[in-house]
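Step one of this worksheet: look at the structure below.
The values are calculated or read from the model by the stated rules, or taken from the named source; none is laboratory data. Keep in mind the model is a prediction, meaning the values are calculated, not measured. With ideal geometry, Cβ positions are generated from the backbone for all residues, glycine too; neighbour counts draw on all protein chains shown. Side chains are part of the model used for accessible areas, which takes the heavy atoms of the whole protein and leaves out ligands, DNA and RNA. Shrake-Rupley method; radii C 1.70, N 1.55, O 1.52, S 1.80 Å.
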Amino acid sequence: MTAAGMDAVSILAIDLGTANTRVHLFDVAEGQYRFIASGISQTTADAPYYDIGEGIYQALDRLQAITGRIFLDKDANIILPSQAGGEGVDRLVVTYSCGKTLNVATFGLLGDASLESVNRLASSVPGKVVDSFGINDKRTLDAKIEAILAAKLDLILFAGGSENGASRSVLNIADLISRTMQVMPAGDRPEVVYAGNQAVSQQVKDKLERFTAVHILPNVRPQIDREEVARAEVGVSKLVNQMQSRYINGLDRIGTICNALPEPSTSAAEKIIRFLSATNDPQKGVLAFDIGSRGSSAISGVGGKTHINLFPYGSGAGLDSFLKKVSPERIHPWLSRSIPLEDLRDALYQKTLSPNSIPANGEALDMELAVAKLILREMVREMRIKGTLTARGYDPILVSGSALTRAASPQQILLTLLDGIQPAGITTLILDKHSILQSLGAAGLVQPFLPIQVLESTAFTNLATVVSPVSESRTGKEVLSARLEYSSGKFMDVNVTQGSIITLPLKPGESAKLYLETQHRTRIEADGLTEEYYKVNGGILGVVIDARGRPLEMPGNEKQRDELVAGWMTALGG
């Protein structure tokens, strides 16, 4: 649908990150919504400003300089709605990842019913689920109470029972929460959200509201075979905004002029992944990684069902916690150049002291990319353990984060992703170079056609279509022959050996047929089947066949590593 068939309005999206504040402008161009430009500044939620307003003002000032449009009046207020002279914008949305990381506990009945649903509800909260309690929990009553007390909770999410279904078990859980609240200091008691059987909601409230605030929301599992988390998410978002306003000075102020509730960045991005996974190839999922400064996230979706995975480490303020999990010795082999281990240790230590610093030279950038590789590897590893990855693979995989977008070349970015994610099968790697995915999710609440049209534009960078065969063959043995047939009728043939990377040219916007013939028990897709041909789309690095094997490990010899990496970069055109 073109702009003529809808209410064409300009939309300003503000994303409040831990390190950076970004403002994105979306407007109609040539009958379609497009990403116009963005302004970026340092987030000012912490010292010395302790207010997000200054960072928003600086980012908007830069957006004004880029676009030549006026968004602020003489008092530095956002002009909303737009004026006859073209000043201002028509709609405003806000997402945020700064603020406090909330400690959450979930309570439900069965692990594959209400407890699963309430855990999905918890994924929309900018925090971490420190513990979950169900009716099959084997811990003693005292052990459960001790676990709740030790968790130092900010929020309890409680569900259970279909409508007019289970009641006794729900009330038993309410009694557990009540007993725990009684031994907590009044100032340390978490707020409680109840999203279970509405028939006993008043009884639950009566048991708990003597000790803390209780919020009754729609049942996340109204029937045993039907989940409705989205209705409760709205109420949770309102509550989380109230809680985060205590830590993000200025959030309540900007929230009063928004056209939709401010929401956590991950829950906004999840809306886009949910949509893409419901409309894309049903045989594969959609995956999005974001490496942030303080924390990172991965959102996986298959058939419209999503999982948000939050990780308490990043490339800036979260580097210190990451280094407690992954040592410099493990990062060192993934450098693309020879840097002494002691120099790497010193640089990483300095980065923890100045988390918002940017790489000053190629050596510092190489260290940052090596950290990004290990963060991605750790995220994938933990997702496999949690069971939130599908064996069928993902297409596309979207990635964002300043640690990646600061890379000097597309080849560096692609090699970082291949080494970190180590995808298998056939997938498209897409770079969200402007970090707009979460803004699209928020903007979609006020203009549903906008995300669809922007996703189809050039706002995202298609890095490459990547083919990653899995083989047990030894290095140097031929595992695959490939033919790329262009729309013009011309073609290119290549033979692929184990341990190599090969690039086939295919420009962005072009498509071609890729014929693959596997050898020596080599497989392409997880099910082992190979199509007659695959339709592939071009990227700035074309079509890349990565036959280095899975899992990919680096050799211990430093000289051999240097030669390998140099060869890989050359193969990618670097």
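Computed values, structure above
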{"quantity": "Residue within the range 500-511 that is touching a residue at least 12 places away in the same chain (Cβ under 8 Å) and over 24 Å from Pro410 (Cβ atoms) present", "calculated": "no"}
{"quantity": "Residue match in the range 353-360 (condition: over 24 Å from Ser400 (Cβ atoms) and surrounded by 15 or more Cβ atoms within 10 Å (Cβ to Cβ))", "calculated": "no"}
{"quantity": "In the range 548-570, residue least open to solvent (accessible area, probe 1.4 Å) [restricted to those that are of a type in the set (D, E, K, R) and part of a helix (DSSP H, G or I)]", "calculated": "Arg561"}
{"quantity": "Enumeration of residues in the range 417-434 that are over 17 Å from the mean Cα position of the chain (by Cα) and under 16 Å from Leu365 (Cβ atoms)", "calculated": "Asp419"}
{"quantity": "Which listed residue is assigned to a loop (DSSP other than H, G, I, E, B), touching a Pro at 6+ places or on another chain (Cβ under 7 Å) and more than 19 Å from Ile257 (Cα to Cα), from Gly99, Gly111, Gly85", "calculated": "Gly99"}
{"quantity": "Count of the range 26-45 residues which are without any contact (Cβ under 8 Å) to a residue 40 or more places away in the chain and within 19 Å of Gly99 (Cα to Cα)", "calculated": "3"}
{"quantity": "Filter result for the condition that a residue is farther than 23 Å from Leu463 by Cβ and of a type in the set (S, T, N, Q), over Ser409, Ser336, Ser327, Ser402", "calculated": "Ser327"}
{"quantity": "Among residues of the range 114-149, those that are in a loop (DSSP other than H, G, I, E, B), hydroxyl-bearing (Ser, Thr, Tyr) and within 24 Å of the chain's Cα centre (by Cα), counted", "calculated": "2"}
{"quantity": "Count - residues of the range 334-383 that are assigned to a loop (DSSP other than H, G, I, E, B) and without any contact (Cβ under 8 Å) to a residue 12 or more places away in the chain", "calculated": "5"}
{"quantity": "Any hit, the range 42-54, residues being under 22 Å from the mean Cα position of the chain (by Cα) and closer than 30 Å to Arg221 by Cα", "calculated": "no"}
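Condition check ((1) at pLDDT 90 or above; (2) buried (at least 21 other Cβ atoms within 10 Å of the Cβ)) across all residues:
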| position | (1), (2) |
| --- | --- |
| Ile78 | yes, no |
| Gly86 | no, no |
| Val104 | yes, yes |
| Ser114 | no, yes |
| Lys128 | no, no |
| Asn136 | no, no |
| Asp142 | yes, no |
